[in-house]
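Novice: Quick one: the structure is below, and I'll ask about it shortly.
The values are calculated or read from the model by the stated rules, or taken from the named source; none is laboratory data. Please read these numbers as outputs of a predicted model, since none were measured by experiment. Every residue, glycine as well, gets a Cβ built from its backbone with ideal geometry; the counts of neighbours run over all protein chains shown. These accessible areas exclude ligands, DNA and RNA; they are computed on the full protein's heavy atoms, side chains included. Shrake-Rupley method; radii C 1.70, N 1.55, O 1.52, S 1.80 Å.
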Amino acid sequence: ADDLTLQLKWVTQAQFAGYYVARDKGFYDEEDLNVTIKPGGPDIAPTQVLAGGGADVTVEWMPAALAAREKGLPLVNIAQPYKSSGMMLTCLKESGISDPQTDFAGKTLGVWFAGNEYPFLSWMNTLGLSTEGGEDGVTVLKQGFNVDPLLQKQAACISTMTYNEYGQILDAGLTPDDLVTFKYEDQGVATLEDGLYTLEQNLDDPEMVDKLARFVRASMKGWKYAEEHPEEAAEIVLDNDETGAQTIEHQTRMMSEVAKLTAGSDGTLDEADYQRTVETLLAGGSDPVISKEPEGAWTHAITDKALN
Amino acid sequence: MNGVAWQIFRRELRPTLLVAPFLIFAAIMTPALTPIVLVWLGAWTLNIALTSLDLPFSRVLTPIIFGATILLLWEMACRIFEIPPVILPPPSRIAVSFTQNTSILWTDFVQTILKGALTGWMIGATAAIVTAVAIDRSPFLQRGLLPIGNFVAALPIVGIAPILVMWFGFDWQSKAAVVVVMVFFPILVNMVAGLAATDAMQRDQMATWAAPYWQSLWKLRMPAAMPFLFNGLKITSTLALIGAIVAEFFGSPTKGMGFRISTAVGRLDLPLVWAEILVAAIAGSLFYGIVALIEKKVTFWHPSQRK
Amino acid sequence: MNLDRPETRKRLAGETRPVIEAQSVSLTFQTADGPVHALKDVNLTINEGDFVSFIGPSGCGKTTFLRSIAALETATGGQLSVNGMSPDQARLSRAYGYVFQAPGLYPWRTISGNISLPLEIMGFDKADRRARIERVLELVDLDGFGGKYPWQLSGGMQQRASIARALAFDADILLMDEPFGALDEIVRDKLNEALLDLWRKTGKTIGFVTHSIPEAVYLSTKIVVMSPRPGRITNIIESPLPPERPLEIRDTPEFIALAHEVREGLREGHGDG
Amino acid sequence: MNLDRPETRKRLAGETRPVIEAQSVSLTFQTADGPVHALKDVNLTINEGDFVSFIGPSGCGKTTFLRSIAALETATGGQLSVNGMSPDQARLSRAYGYVFQAPGLYPWRTISGNISLPLEIMGFDKADRRARIERVLELVDLDGFGGKYPWQLSGGMQQRASIARALAFDADILLMDEPFGALDEIVRDKLNEALLDLWRKTGKTIGFVTHSIPEAVYLSTKIVVMSPRPGRITNIIESPLPPERPLEIRDTPEFIALAHEVREGLREGHGDG
Amino acid sequence: MAELAPTRPARRNWRIAGVDRYVPVAVVLLVILMIWYLGAIGMNAQWVRDQAARADETMSALEFTKRTLTLDRPVLPAPHQVALGLWDGIAGQKITSKRSLVYHGWVTLSATLAGFAIGSLAGILLAIGIVHNRAMDQSVMPWAVASQTVPILAIAPMVIVVFASAGITGLMPKAVIAAWLSFFPVLVGMVKGLRTPDAMQLDLMRSWSASASQVFWRLRLPSSMPYLFTSLKVAVAAALVGTIVGELPAGATSGLGARLLSGSYYGQTVQIWSALFAAAALAAILVMIIGMIERTTLHRMGLAR
Ligand SMILES: Nc1ncnc2c1ncn2[C@@H]1O[C@H](COP(=O)(O)OP(=O)(O)OP(=O)(O)O)[C@@H](O)[C@H]1O
Ligand SMILES: Nc1ncnc2c1ncn2[C@@H]1O[C@H](COP(=O)(O)OP(=O)(O)OP(=O)(O)O)[C@@H](O)[C@H]1O
Ligand SMILES: Cc1ncc(C[n+]2csc(CCO)c2C)c(N)n1
Ligand SMILES: [Mg+2]
Ligand SMILES: [Mg+2]
């Protein structure tokens, strides 16, 4: 079997169910692949791992991938299992926020960094809010690992994913009625999330291209299986979680939320989505995430080969 | 070079001559290594010659040459082996990034080191000294508190950091709190040992003079404790920086060295990461150096400082 | 201060009062290996103006007895009184100057600072302190060294500084535990002369531990010979020598005879090495 | 080993060869405060079987001279030879046993282990080591204490062990730097007798530093009086005493006269304390 | 006038052996527990109050207190919650289970021990070099100090990435970080220890014309033993911290560090505290083991009295 290493963007959870399902259900075996899945973590930059040769393919968000590309690391999107964005800003209703346009000024907002801050910065830019604090701007708090800043009322809003942190807030005892959410998708600043990326030079090697195609095919099969069998997928994720910290309830709910995001995708990158992402990022004002239109940042070669 | 120096030089060179054949063998096997090996051997021989001469400035010069050699080797390795800069940038690029980002580095320095580390260190040290004096009078408290203190000191701070960030907010106050927790017990343990470090004869003298408690504290135990106290202060000076930076990984405003490092890694701006590390190393060494200097002034009488 | 107190003359005339009185004093240390009888049934009276030397083999309790007088140890049996008070009361009334075998100077203070320390503790004012420091430095022949730190001085000079410190506050009782043990013979001779001189002038009561027979004989009005296991007094020898003692007195037959007597007394109690 | 070497007799008959020869030896330490002339123009010949004592005030260079002989310091001027070699060659040929003022025993080795250490270093085999340890332990009256650790022994016993260690490998030259400084008089007397006995039996050449005039007079065939700043020899006194010296010899007029001579010599060179 | 200084440390004659050692610890522990409970009630009160307000409930003080001490996601868990968490993690699971603290403790322990071994060895070797070679003495020390000021958590991810790119994963990268933190105390302690022999002891060796290696094995090494053990104790605790730091960025892998992180990530404070205490206990046990080795070694050497 051919060896292939996949670097995840984050810890083992249903966000990456497709890959785990593909492995445990033998879909990779069917394609004669031996896939190693490396979980990520808060301070692992998947792009760096790829550059260091620690992995062949990585799951990454497009803003980070494009930023890395501008930094000289030639990442190419070879597949896009996530069609829609699950990121949103979740606020306490009692903080008095109802309209981003008018109510954010002077508030403290929790944001993820380490490559995940780009969509937020773009959004604030379109809202014309400074991120340096003060009366007319927002105070940005580098959100740590959990939803505590909201529960402790250290921030008016925090970043959440529909499938994960939002659920944790509910688990903590707050109800949807206590909260106001703003999806990036609805604010017109949605950027593409979990996609599969590899280094440009891999695409010059026909053998590698073939391997990647088989990988994408099996992975997508895994995703579709997971969408249809959320409980079983959650079970598989749980089996693969080495920390033993995840619970079946949490993962099942995550899986069903994730299914909504992967639903519209067969793995092929939608050019329109790509274009919208690039435009959002380019609109970064004084400090745009990327300064010029990227070239060759994606390819259909793999998905075409895999799916036809 | 006079005779004595030449003799010392020959003696000190001996271990190097033992290692040299291996290095040269390695260079022959991997020709790319040749310049690295040559530079290393040359610089090292120069250093040995310098220390053998024992000139007044060689104490300062040798570590500088040693450091410069390492930087040079680093630069050469990066170029010869074409290490991708997103993995390990060469020193030259780090230097460029350093000069380009001075204002960011300064903001981060103020936030993390001056506000977080220094404040926390001072609060922690003061609290530890006061506590030490307080429990110095009570053998009961000492016996009860110190074993538990040792246990708490063994708690990995990285575990306390998220909790303290949760308690004290995301700004520098929580970083200072982490530093306080980190430095408190090492200083306490040292200070308690120091206050007890008077010898029996000195205590007996105080007794024959019928010295009251505060007199014997100020005039005997405090001065006698100073070498111990500074031992603790020195150890914790580097701990404080690490603590403040680590705590920023668990939540911070959008400035600070820990914040910048994790953000910059995400953006693959490795030269900036290393520039921050450089600032941390310089600040840490400086901090340590200043404490050591004060120690020299305060404990001038201690045998280790006399020479 | 009165440098010419008439105690010496009084003492010779038998008019002096007892300062230290020990009645069957015992002291037992409880150790892991069982009790150590450091002192057993010690009876001794020291009068005002006496110069009493304690001599005896190692471990016979000389130090322990001196420390008991200074209230650094507490006797476990018998009666010990100093100036009619308990040793601890005497300590609190600052009746003693104590010189330990090692100089025990504080390294972070200069020689003057060291001498000044007990004076500060006892609340002497600044001018008085300065005057006293100057006087005692001269007394031990260290004038000019007040600004130096202890470690900048030789062992002998340090020991002299420590004697100066004990003298500075003019306690009436001076307790000295082998103060000259570490000095060479010539320096020792000098300090012996100086000490004798001081004693004659001030009439202080002095308790003095030594290992040297000639030193004990040369200095004392009373030589207490002790013997170990249990620590006890085996012999108290009154000295017939006059208070004026030039160094040459050591070559006189009286002196040699007295030294011989002490040596014999010592050898008796000296079982092993 | 030959316990009855005839060197003593030879020495008395003037037949011995020089072992240590110093010709205008100087030694200057460079310190931060400028040069210290520890030794200046020292001339001395020590013959085989001599027992030479060095006496003089603190800082006069006694230790420095002994250390130069043992190649622990290097003379900065003049000629110093040991057995016709340089001191360092003599050191490498293991010509010396050196005894320091403090016992300097290794706390992690028993007494036997301590004595064994130089023997191990010099490559003696096991059986030989054991025999030698036994012999020297007996010599210093410590048989039965071989298995004890240093801190389980009194100071005097430790000092004896350290002497035993220096004797064990039978160097022909024994250098001793105030070996008995810390002991009480009775113990000191005993060790003096034992040392004299050993010297008489083995005919070793001994260099001995002391502060005690009676000790120097009692032990030596030659007394070297030194004086400080710069360190130099002011007097070399040959002893007329016979090699057989019971302790009582110290009460004889010859002894007292000799001691007096030494004291006078010492006092001359003793400007200050 | 103030109270007088005691003439000697107070000698207490508690008859039962160990009483004067354990009673104070127990009393202090009890006080800490009390403060902890009060803290837990105080810090969790806000949440309970908010929840009650949202649900429009009113409750008795007793009920209120009970709730603050039994929250699922407390700000500060009560001691018994942590104890339960620890008990469940240690005894309530199969040792091989991923939820077992024993399993995670073992993962951390193995990396700690590996790093500790590497670090101590490096520290000892460097110290030997420094003591014997003047050039090393002057050049290495300042840089060793500087090395400890580098924010380890910042380079930990990079170390892991660099190792991963060389194909090394798992225990090794963590061990290297552990070694980085633990070599320094050993270096400092051993330099001091190897230099403890005083001039006289060195002169003795010289007068016997002992070789450099004889001086090392028979004098310097044995006299450095007490220093070695003291610094080993510091080093093993540092190695544990290093390992945990190394486990943090790696995220979803095993080990106490990963437990801490995932606990923090999912806001499971009880899990954080349990992992924290497990780590501290591990450190305490390691230090104790070294203490035991120290005692027997020094006893064998005759250094312990
Ligand atoms: N604190 C103590 N605990 C137990 N035993 C002690 C203590 N202090 C002294 N001793 C023992 O008491 C005895 C008398 O000791 P002391 O120090 O008074 O003797 P010394 O005559 O002064 O001897 P030296 O001439 O050696 O100074 C000795 O056997 C000693 O071991
Ligand atoms: N390593 C050194 N560096 C500088 N000066 C030294 C050194 N060793 C000795 N001296 C100086 O050399 C002089 C002679 O010292 P030495 O130790 O030989 O005296 P000593 O006669 O043995 O004195 P003591 O009787 O006090 O032992 C002294 O002034 C001393 O301060
Ligand atoms: C320190 C930190 N940095 C980034 C993220 C963002 N992130 C990476 S993957 C993912 C999916 C949700 O689980 C999210 C939100 C985070 N959570 N914590
Ligand atoms: Mg005594
Ligand atoms: Mg000397």
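Novice: Per residue of the stretch D:110-123, in order, report the coupling 6.51 cos²θ - 1.76 cosθ + 1.60 (Karplus, θ = phi - 60°) as ³J(HN,Hα) in whole Hz, putting x for Gly and Pro.
Specialist: In residue order, the calculated couplings are 5, 4, 4, x, 5, 5, 5, 3, x, 5, 4, 4, 8, x Hz.
Novice: Using a Gaussian network model of chain B with C-alpha springs under 10 Å, which one of B:Ala275, B:Ala283, B:Ala210 is most mobile by mean-square fluctuation?
Specialist: Maximum among the listed residues: B:Ala210.
Novice: If you take the C-alpha gyration tensor of chain B, multiply each eigenvalue by 5 and take the square root, what semi-axes do you get, largest first, in whole Å?
Specialist: So the three semi-axes of chain B are 42, 32, 15 Å.
Novice: Ok, one more. Put +1 on the Cβ of every Lys and Arg and -1 on every Asp and Glu Cβ in the stretch C:127-231; which of C:Ala171, C:Leu142, C:Ile213 then has its Cα farthest towards the positive end of the dipole?
Specialist: So the residue we want is C:Ala171.
Novice: What FRET efficiency comes out for the pair B:Ser103/C:Thr28, r = Cβ-Cβ distance, R0 = 60 Å, nearest 0.05?
Specialist: FRET efficiency, B:Ser103 to C:Thr28: 0.20.
Novice: Roughly how big is chain C's charge dipole about its Cα centre, with Cβ charges of +1 (Lys, Arg) and -1 (Asp, Glu), in debye to the nearest 20?
Specialist: In debye, rounded to 20, chain C gives about 620.
Novice: What net charge do the residues around A:Glu257 carry, taking every other residue with its C-beta under 12 Å from that of A:Glu257, with Lys and Arg at +1 and Asp and Glu at -1?
Specialist: Summing Lys/Arg as +1 and Asp/Glu as -1 gives 0.
Novice: Same structure again: So what is the accessible area of chain D per residue, in Å², with the probe set to 1.4 Å?
Specialist: 40 Å²
Novice: Related question: Among all lysine pairs in chain D that are eight or more places apart or on different chains, how many have alpha carbons less than 26 angstrom apart?
Specialist: 17
Novice: Next question, about the same structure. Please report the net charge: other residues with Cβ closer than 15 Å to the Cβ of A:Asn164, K and R +1, D and E -1.
Specialist: Taking every other residue near A:Asn164 into account, the sum is -4.
Novice: Leaving out ligands, DNA and RNA, what percent of the accessible area of the stretch A:51-172 is carbon and sulfur, probe 1.4 Å?
Specialist: C and S atoms contribute 43 percent here.
Novice: What's the angle, to the nearest 10 degrees (0 to 90), between helix E:221-247's Cα axis and the longest principal axis of chain E?
Specialist: It works out to around 40 degrees.
Novice: Let me see the P(r) profile for chain E: every Cα-Cα distance counted, bins of 10 Å, each bin given as a percent of all pairs.
Specialist: 6, 19, 23, 22, 18, 9, 3, 1, 0
Novice: Still on this structure: On the Cα set of chain C, report Rg and Dmax in Å, please.
Specialist: 18.4, 54
Novice: Got the C:Thr234 label distances to the other copies yet, label 7 Å along Cα→Cβ, in nm, shortest first?
Specialist: 3.9
Novice: Karplus couplings for the stretch C:148-165 from phi (6.51 cos²θ - 1.76 cosθ + 1.60, θ = phi - 60°), rounded to Hz, Gly and Pro as x?
Specialist: Working through the residues one at a time gives 7, 8, x, 6, 8, 10, 6, x, x, 5, 4, 5, 5, 4, 5, 5, 4, 4 Hz.
Novice: Another question, then. Under 14 Å from the 7 Å Cα→Cβ point of E:Val27, by amide nitrogen: which residues of the stretch B:129-150?
Specialist: B:135-146
Novice: Roughly what would the spin-label model give for C:Ser86 and B:Ala292, points 7 Å off Cα along C-beta, in nm?
Specialist: The answer from the label model is 5.3 nm.
Novice: In nanometres, what is the gap between the two model label sites at A:Ala105 and C:Ile249, each 7 Å from Cα along Cα-to-Cβ?
Specialist: Distance between the two pseudo-spin positions: 10.3 nm.
Novice: Whose amide H sits under 5 Å from the amide H of D:Phe54, counting only residues 5 or more places off or on another chain, with H placed in the peptide plane?
Specialist: The answer is D:Phe208, D:Val209, D:Thr210, D:Val224.
Novice: When the Karplus curve 6.51 cos²θ - 1.76 cosθ + 1.60 is applied with θ = phi - 60°, which whole-Hz ³J(HN,Hα) does each residue of the stretch D:46-53 get, with x for Gly and Pro?
Specialist: With the stated coefficients, the stretch D:46-53 comes to 10, 8, 4, x, 6, 10, 10, 9 Hz.
Novice: Determine the dipole magnitude for the stretch A:1-141: charges of +1 sit on the beta-carbon of Lys and Arg, -1 on that of Asp and Glu, nothing else is charged, the reference point is the Cα centre, and the result goes in debye to the nearest 20.
Specialist: 120 debye
Novice: Further question on the same structure: Pull up the cross-link candidates among the aspartates and glutamates for B:Lys175, meaning alpha carbon to alpha carbon under 18 Å and not fewer than 8 places away within one chain.
Specialist: A:Asp148, B:Asp108, B:Glu248, B:Glu276
Novice: Let me ask another. Enter the buried accessible area of the B/A pair, total of both sides, probe 1.4 Å, in Å² rounded to the nearest 100.
Specialist: Its buried surface, counting both partners, is about 2000 Å².
Novice: Please work out the ratio of the alpha-carbon Rg of the stretch B:3-81 to 2.2 N^0.38 Å and round it to two decimals.
Specialist: So the stretch B:3-81 has a normalised radius of gyration of 1.20.
Novice: Next question. Taking only protein heavy atoms into account and a 1.4 Å probe, give the accessible area per residue of chain E in Å².
Specialist: 44 Å²
Novice: Interface B/E, total buried accessible area with a 1.4 Å probe, nearest 100 Å²?
Specialist: Interface between B and E: roughly 5000 Å².
Novice: For labels at C:Ala131 and B:Ile148 in the simple 7 Å Cα→Cβ model, what's the distance in nm?
Specialist: Result: 5.5 nm between the two label points.
Novice: Counting only DSSP beta bridges with both residues in chain A, what percent are antiparallel, rounded to the nearest 5?
Specialist: Here the share of antiparallel DSSP bridges comes out near 55 percent.
Novice: Looking at the protein assembly as shown only, what percent of DSSP beta bridges run antiparallel? Nearest 5 please.
Specialist: The antiparallel fraction comes to roughly 55 percent.
Novice: Give the calculated FRET efficiency between A:Ala272 and E:His80 to the nearest 0.05, with a Förster radius of 56 Å applied to their Cβ-Cβ distance.
Specialist: Taking R0 as 56 Å, the efficiency between A:Ala272 and E:His80 is 0.50.
Novice: While we're here: On the principal axes of its Cα set, how long, how wide and how thick is the stretch D:105-170? Give whole Å, largest value first.
Specialist: Here the Cα extents, ordered largest to smallest, are 30, 23, 17 Å.
Novice: Kindly state, to the nearest 0.05, the FRET efficiency for A:Glu293 paired with B:Met29, given R0 = 45 Å and r defined as their beta-carbon distance.
Specialist: Using R0 = 45 Å, I get an efficiency of 0.40.
Novice: Enumerate the amide H contacts of C:Phe145 below 5 Å, restricted to partners 5 or more residues apart or on another chain; note that Pro and chain-start residues carry no placed amide H.
Specialist: none
Novice: Kindly list the residues of the stretch A:72-106 that lie in the label zone of A:Asp136, defined by a backbone N under 18 Å from the point 7 Å along the Cα-to-C-beta vector.
Specialist: Within reach of a label on A:Asp136: A:101-106.
Novice: To continue, here is another question. Lys/Arg Cβ at +1, Asp/Glu Cβ at -1, dipole of chain D taken about the Cα centre: which of D:Thr234, D:Met157, D:Ile133 is farthest positive-ward?
Specialist: D:Ile133
Novice: Could you work out how far the C-alpha centroid of the stretch D:168-216 sits from that of the stretch A:134-162, in angstrom?
Specialist: 84 Å
Novice: Now a separate question. Please get the size of the charge dipole for the protein assembly as shown, origin at its Cα centre, with Cβ charges of +1 on Lys and Arg and -1 on Asp and Glu, quoted in debye to the nearest 20.
Specialist: For this selection, approximately 4100 debye.
Novice: I'd like the carbon and sulfur percentage of the solvent accessible area for the stretch E:149-259, probe radius 1.4 Å, heavy atoms only, ligands and nucleic acids excluded.
Specialist: 70 percent
Novice: Before we go on, tell me the buried accessible area for the E/A pair, both chains summed, 1.4 Å probe, in Å² to the nearest 100.
Specialist: Buried area between the two chains comes out at roughly 3000 Å².
Novice: Still on this structure, please answer the following. Once the other residues with Cβ under 10 Å from the Cβ of A:Lys25 are scored (Lys, Arg +1; Asp, Glu -1), what is the net sum?
Specialist: Taking every other residue near A:Lys25 into account, the sum is -2.
Novice: Considering only B:Leu239, B:Thr126, B:Val110, whose Cα is most displaced toward the positive end of the charge dipole of the stretch B:93-305, charges sitting on Cβ of Lys, Arg (+1) and Asp, Glu (-1)?
Specialist: Result: B:Thr126.
Novice: Just the projected area, averaged over all directions, of the convex hull on the alpha carbon atoms of the protein assembly as shown: how many nm²?
Specialist: Orientation-averaged projected area of the Cα hull: 62.5 nm².
Novice: Among the listed pairs A:Lys93/A:Lys153; A:Lys83/A:Lys153; A:Lys93/A:Lys183; A:Lys224/A:Lys260, which have their C-alpha atoms separated by more than 22 angstrom in this model?
Specialist: Those over the limit are A:Lys83/A:Lys153.
Novice: Using the Kirkwood radius built from alpha carbon pairs, what does the Stokes-Einstein equation give as D for the stretch B:203-249 at 25 °C and 0.890 mPa s, in µm² per second?
Specialist: The diffusion coefficient I find is 188 µm²/s.
Novice: Beyond 37 Å, what share of the Cα-Cα pairs of chain A remains, rounded to the nearest whole percent?
Specialist: Value for chain A: 14 percent of Cα pairs lie more than 37 Å apart.
Novice: Run through the other copies and list how far each one's label point is from that of D:Asp33, in nm with one decimal, shortest first; the point sits 7 Å from Cα along Cα-Cβ.
Specialist: Distances between equivalent label points, in nm: 4.4.
Novice: So which trypsin sites (Lys or Arg not before Pro) in the stretch E:88-140 end up in coil per DSSP with only 15 or fewer other C-beta atoms within 10 Å?
Specialist: E:Lys94
Novice: Another question, then. Which residues' amide hydrogens lie under 5 Å from the amide hydrogen of E:Leu76, considering only partners 5 or more residues apart or on another chain, with H built in the peptide plane?
Specialist: Sorted by chain and number, the residues that satisfy this are E:Asn44.
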